[in-house]
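K.L.:
Input: one structure, supplied below.
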Amino acid sequence: MDFVNDIREKRTTNFSVTKIPVWALKEFKELCEEEYGDVYFVGMIQLMKIKKHYEEMTSRFDSLQKQIDELKSKPKSQLNTFGGKNV
């Protein structure tokens, strides 16, 4: 039954989007024309990849911000510099 799943994953379909602002549609079309050879599905795939990358980076930045906040909350006598000396 793997061939059935392969067929489902590889088939194409047309779809429509309702209530999209005209400016957003124009920008998407321009992006696809300039960057992806006027192939809209490649533009969609790239936008999904960018979204995933953005979400990963956001979680990393959140983690860094928590670490910075923890360091800021420590008294100066507990902070060590790179040389190992207390500040």
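The values are calculated or read from the model by the stated rules, or taken from the named source; none is laboratory data. Only a predicted model underlies this, so the values are computations on that prediction, with no experimental measurement involved. When we count neighbours, we look across all protein chains shown, and the Cβ atoms used for this are built from the backbone with ideal geometry, even at glycine.
K.L.:
Assuming residue 2 fulfils every condition listed in (1) exposed (fewer than 10 other Cβ atoms within 10 Å of the Cβ); (2) in contact with a Gly (Cβ under 7 Å, 6 or more places away or on another chain) apart from one, which condition is it?
P.N.:
Unmet condition: (2).
K.L.:
What are the pairs, 6+ residues apart or on separate chains, where a residue within the stretch 37-61 that is in a loop (DSSP other than H, G, I, E, B) has its Cβ under 9 Å from a residue that is among the basic types (Lys, Arg) and surrounded by 10 or more Cβ atoms within 10 Å (Cβ to Cβ)?
P.N.:
38/29
K.L.:
So in the stretch 1-25, with the set limited to residues that are of a type in the set (Phe, Trp, Tyr) and modelled with pLDDT under 85, which one is farthest from residue 40 (Cα to Cα)?
P.N.:
3
K.L.:
Can you name every residue in the stretch 25-49 that is among the aromatic types (Phe, Trp, Tyr) and within 17 Å of residue 15 (Cα to Cα)?
P.N.:
Scanning the stretch 25-49 gives 28, 40, 41.
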